[in-house]
1. Taking the stretch B:50-77 as the region of interest, how many residues are touching a residue at least 24 places away in the same chain (Cβ under 8 Å) and within 15 Å of residue A:88 (Cα to Cα)?
2. Given the conditions (1) within 30 Å of residue B:61 (Cβ to Cβ); (2) out of contact with any His (no Cβ under 8 Å at 6 or more places or on another chain), and given that residue B:151 satisfies all but one, which numbered condition is not satisfied?
3. Suppose the filter is more than 14 Å from chain A (Cβ to nearest Cβ) and surrounded by 15 or more Cβ atoms within 10 Å (Cβ to Cβ); does residue B:320 pass it?
4. How about the stretch B:212-244: which of its residues are surrounded by fewer than 15 Cβ atoms within 10 Å (Cβ to Cβ), touching a residue at least 12 places away in the same chain (Cβ under 8 Å) and under 16 Å from residue B:163 (Cα atoms)?
5. How about the stretch B:266-309: which of its residues are modelled with pLDDT under 95 and closer than 30 Å to residue A:32 by Cβ?
6. Pull up the stretch A:81-91, narrow it to residues that are surrounded by fewer than 17 Cβ atoms within 10 Å (Cβ to Cβ) and at the interface with chain B (Cβ under 7 Å from one of its Cβ atoms), then point me to the one that is farthest from the chain's Cα centre (by Cα).
7. Please go through (1) surrounded by 14 or more Cβ atoms within 10 Å (Cβ to Cβ); (2) modelled with pLDDT under 90; (3) of a type in the set (A, V, I, L, M, F, W, C) for residue B:13 and return the number of the only condition it doesn't satisfy.
Amino acid sequence: MGHLTYEESKSKANKIIIILGIITIFEVVFALMGKGYIIEGLHFPIAITGIVMIVLSLVKAYLIVYEFMHMKYEAPALVKTVLLPTLLLIWAVIAFFWEGSFWKNRRGTAKMENSAQVKPVVPQGVETKLLTTRDFD
Amino acid sequence: MATDTLVHENTEATDKSAWSGGKSPFKASYGKLMMWYFLLSDAFTFAGFLIAYGTLRFSMPTWPVPDFVFSSFPGGFHEKPLYFVTLMTFILLASSYTMVRAVQEGHQENKNGVVVWMFWTILGGIAFLSCQAWEWNTLLGKEHMTVTKNPFGTHTEKGIYLTADGKAEGETFDAGASYLLHKAGAGHGDAHAEGDAHAEGHGDGHSDHGAHYEGPGDYADAVVNEDGFILKKFKVLEGDDAGMIKTESLGPKAFGALFFFITGFHGFHVLSGVVFLIIIMVNSGTGLYTKRKNGYEMVEKIGLYWHFVDLVWVFVFLVFYLL
């Protein structure tokens, strides 16, 4: 329990659970409001709702790890060995999401190229064969 | 004499640094430390799943809208976006709180307190699992989403549905509107028989479904595919393809697999958590941990695990339901 007495930690837990509840309600209301469910015709851009949700979720994660899991009261070296490796995930998120949107753009380009009409020029008297996808199977 | 000096030097070194041996630099027991590292590795597993979800979602032109997909509530209610998952979140948060209380009572060496608060935590875990069972049952049984088939699609163009006689006189929809494909025949009728007037409203522009289709084939207003999904025909009203007749298609395939695997993996954590909570509650009740006189450290360890399950849910809730 670290430096807190029983009564102190009890009231702290009560406080934290109320904060977590309020954040959760706010997140849901904000998500629905951003999509126009609560006030007719009011929409927020996805960038704003997205950032607000992610920041609030990180706040919730902080409260759960630091208060409920008592990370706050652990030795600093232990905290570092657990938390520093998770920073690698920042790289993973950026790299993979970047790749994901690249696939999307690539798919768009491929679709455009496929729909582009090219008339084959067939020289007179020369026997030609147009390659189809079957030729590559 | 030489030995004495050596011992003396070592004691001095220990005072200077926590890393010279003789005491635990992390001030934590082996079990607790390893629980932290297990949770760290588990966090990476979940992060891998969630990043895969994000990557696939980013790579698709459209993606099912969560507040359309998750809008059912027990008792036949529909169009209640996110209400049910919010309830699930609160159940898990509440069980996290009761777990904190159990750990606190453990530090007080209060056996009855530990057992009572762990009991509430177990009830919370079981309630969460029941909610998830209902959610899965709705998606699998009534909305026909499976690991490989996703009936939740999104329109990319403004259009108007064809009516049963093939004329473009049905309901109109905008680009970005979500739809849920229904199945032809009895399957869907059953699903809505238990519902009420609200049930019919679920799925924009699908007020009539199923009745007049006899098996797979091409009909005037829809195509029924081999799995029995009714792909309604519509006339495009705007854009490059204006005037063309198109049919609806199934939504991104990966959605079903990602949903069932990620929430399933989380649910499996909750399930194993409940099993371990029961074991540790029984052990607490028999007085096993009282004898150990270490402030119910076992309760603290399962507490770490249980909070981690809650922590993962925060992020599952974020990426699947909120964004």
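1. 1
2. (2)
3. So residue B:320 does not fit the description; no.
4. Of everything in the stretch B:212-244, those that are surrounded by fewer than 15 Cβ atoms within 10 Å (Cβ to Cβ), touching a residue at least 12 places away in the same chain (Cβ under 8 Å) and under 16 Å from residue B:163 (Cα atoms) turn out to be B:212, B:220.
5. none
6. Initially, the stretch A:81-91 is screened for residues surrounded by fewer than 17 Cβ atoms within 10 Å (Cβ to Cβ), giving A:81, A:83-91.
From the residues that got through so far, the ones that are at the interface with chain B (Cβ under 7 Å from one of its Cβ atoms) too are A:85-86, A:89.
Details: A:85: 19, A:86: 15, A:89: 11 Å.
The residue in question is A:85.
7. (1)
Results for (1) loosely packed, with under 13 Cβ neighbours inside 10 Å; (2) modelled with pLDDT of 95 or more, shown as yes or no for each residue.
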residue	(1), (2)
A:40	yes, no
A:44	no, no
A:49	no, no
A:53	no, no
A:59	no, yes
A:67	no, no
A:70	no, no
A:73	no, no
A:78	no, no
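The values are calculated or read from the model by the stated rules, or taken from the named source; none is laboratory data. Predicted model, so just to flag it, every value in this text is computed and none were measured. Because the Cβ atoms are built from the backbone with ideal geometry, glycine has one as well, and the counts that use them run over all protein chains shown.
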